[in-house]
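Below is one structure, written out as structure tokens; comments come after it.
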Amino acid sequence: MPAKKLSSQTIKALEPGNAIFSLADGEGLRIIVYPNGTKRWESKIYLAGKEIRIGLGVWPEISPDEARKVHAQYRAEARAGRDPRDLRKPAPEEEQTFEALFWGWFEAKSPGWKDYHAYQTRNIGNLHVVPLFGKLKPAKVRPIDVKRIITPLMQEKPTTGHKVLGIVSRVFRYAVALDIVPSDPCRDLRGAVPPKPGVRHRAALTDPAEIGELMWGVANFPFSSLVVRQALRFAALTAARPKEVVMASWKEIDLDAAVWIIPPERMKRGREHRVPLSRQALELLREQKAAAGDSPWVFPSPRGRGRSISSNACLFALREMGWEKEQMTMHGFRGMFSTTANESGLWGWDLVEAQLSHEEKNAVRAAYNHAEYFKRRAEMMQWYADWLDARRDEAGQRKKRGGAPFPAELEKSDVA
């Protein structure tokens with residue numbers, strides 16, 4: 001059944017949520033709604049069997065009729081075997097906006113990026129770069145303009161601010177190569193903006209009693225979405241990175257071999273990562289297989305099975321349970337595993353680091369007996385899954401005796 005054509009009234013009524021979502025107009029054209037309220041048209045077409053996505057601008061500056069007209073032109077070009085991106089000629093410098101320049105840069109560069117990097121850059125662009133810099137005329141931007149715009153963000157969110165500045169600088173360097181601007185105005189800001197923060201360790205629970213409270217909460221808290229509960233449990237059972245968890249697909253899972261094989265393009269270091277699956281993880285995945293239906297994602301979004309849930313949905317669930325950002329983060333499941341496994345004295349640090357997919361600097365050790373190494377990691381993850389279950393059950397027994405609700409309001413004497 002073809003998608004119902006979108007009207008400006010329909011688009012105006014779309015309320016932003018906690019995660020990005022989209023609504024189809026038909027034939028590959030869709031409107032994407034971002035948490036900050038931005039609504040952007042995107043054209044999805046195929047050229048020689050390869051998918052291409054092209055931003056068409058934001059609504060209401062681009063009306064539905066205008067978006068359909070351009071989308072139809074792009075489809076016609078692709079059917080003729082021509083790349084429709086060639087139609088996007090740079091506008092004269094007095095007309096072109098930074099938003100157009102940003103998306104031109106993204107479309108030119110992103111095909112060579114890893115999936116997670118493209119995903120992150122697209123999100124930062126929509127949430128911060130375009131809202132802050134989008135309407136500026138690139139050729140007229142001075143260093144003082146960049147400083148004035150970026151400093152408030154850096155003061156509120158230092159890490160995000162420096163990521164945005166880095167992206168803006170790369171876009172300007174791209175514009176220099178196209179002879180659109182004479183130089184990168186970000187280049188002269190060194191020392192003129194707040195310094196980049198040092199390495200910050202993400203908050204993680206490490207006390208066994210609190211970990212038990214967390215796992216009991218994950219198992220029993222009345223989440224608005226059950227798939228979020230499953231994703232949180234899977235994060236705990238695998239110690240994988242948040243993006244690796246929420247974007248897990250069924251083609252990566254081998255239930256018979258009890259292994260999750262994450263391809264290089266989804267890994268931070270660009271190397272395939274094999275994650276052994278405990279009995280509990282396999283049980284969870286079989287439950288999800290039945291619940292996910294025909295979705296390619298292990299944890300499909302409640303907004304539509306064609307996409308996965310977001311890591312923010314899991315993070316919001318932790319906050320809903322009562323765990324503050326200073327106590328626990330999604331990345332904290334990795335620290336929780338690392339501390340527990342290392343302090344147990346049962347497992348070598350190299351096994352723990354391998355499970356976390358940290359780089360093995362010893363080439364001899366890295367190449368040594370992979371089968372035996374993986375077997376030991378599988379034993380470690382089964383031990384850890386059983387350990388988590390035991391702490392969860394202990395927390396449940398405390399609650400039967402009148403223990404505190406989430407999060408655990410433990411006395412210091414209980415934690416020691």
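The values are calculated or read from the model by the stated rules, or taken from the named source; none is laboratory data. What you are looking at is a predicted structure, and each value in this text was computed from that prediction instead of being measured. Note: ideal-geometry Cβ built from the backbone for every residue, glycine included; neighbour counts use all protein chains shown. With ligands, DNA and RNA removed, areas are computed over all heavy atoms of the protein, side chains included. Shrake-Rupley method; radii C 1.70, N 1.55, O 1.52, S 1.80 Å.
Couple of notes before you dig in:
- Filter pass, Val146 being over 25 Å from Ile62 (Cα atoms), among the β-branched types (Val, Ile, Thr), modelled with pLDDT of 85 or more and open to solvent by less than 20 Å² (accessible area, probe 1.4 Å): yes
- Within the range 299-319, the presence of a residue that is in a helix (DSSP H, G or I) and over 20 Å from the mean Cα position of the chain (by Cα) is excluded.
- Across the range 325-342, the number of residues qualifying as more than 7 Å from Ala204 (Cα to Cα) and in contact (Cβ under 8 Å) with a residue 24 or more places away in the chain comes to 10.
- For the range 173-189, the criterion of a residue being under 27 Å from Trp105 (Cα atoms), at pLDDT 80 or above, small (Gly, Ala, Ser) and open to solvent by less than 10 Å² (accessible area, probe 1.4 Å) is satisfied by at least one position.
- Scanning the range 1-45 for residues that are in a strand (DSSP E or B), without any contact (Cβ under 8 Å) to a residue 60 or more places away in the chain and over 25 Å from Leu315 (Cα atoms) yields Ala24, Asp25, Gly26, Leu29, Arg30, Ile31, Trp41, Glu42, Ser43, Lys44, Ile45.
- Met328 not in a helix (DSSP H, G or I) and not β-branched (Val, Ile, Thr): yes
- Considering the range 237-287, the residues that are open to solvent by 30 Å² or more (accessible area, probe 1.4 Å) and of a type in the set (A, V, I, L, M) include one that is nearest to Ala354 (Cα to Cα), namely Ile261.
- Selection count, the range 335-350, where residues are open to solvent by 10 Å² or more (accessible area, probe 1.4 Å) and in a helix (DSSP H, G or I): 9
- Check on Ala366, modelled with pLDDT under 90, closer than 19 Å to Val218 by Cα and surrounded by 13 or more Cβ atoms within 10 Å (Cβ to Cβ): no
- Filtered by the rule that a residue be among the hydroxyl-bearing types (Ser, Thr, Tyr) and open to solvent by 40 Å² or more (accessible area, probe 1.4 Å), the range 208-235 gives a lone residue, Ser224.
- The set of residues in the range 20-37 that are open to solvent by less than 30 Å² (accessible area, probe 1.4 Å) and in contact with a strand residue (DSSP E or B) (Cβ under 8 Å, 6 or more places away or on another chain) comprises Phe21, Asp25, Gly28, Leu29, Ile31, Ile32, Val33, Tyr34.
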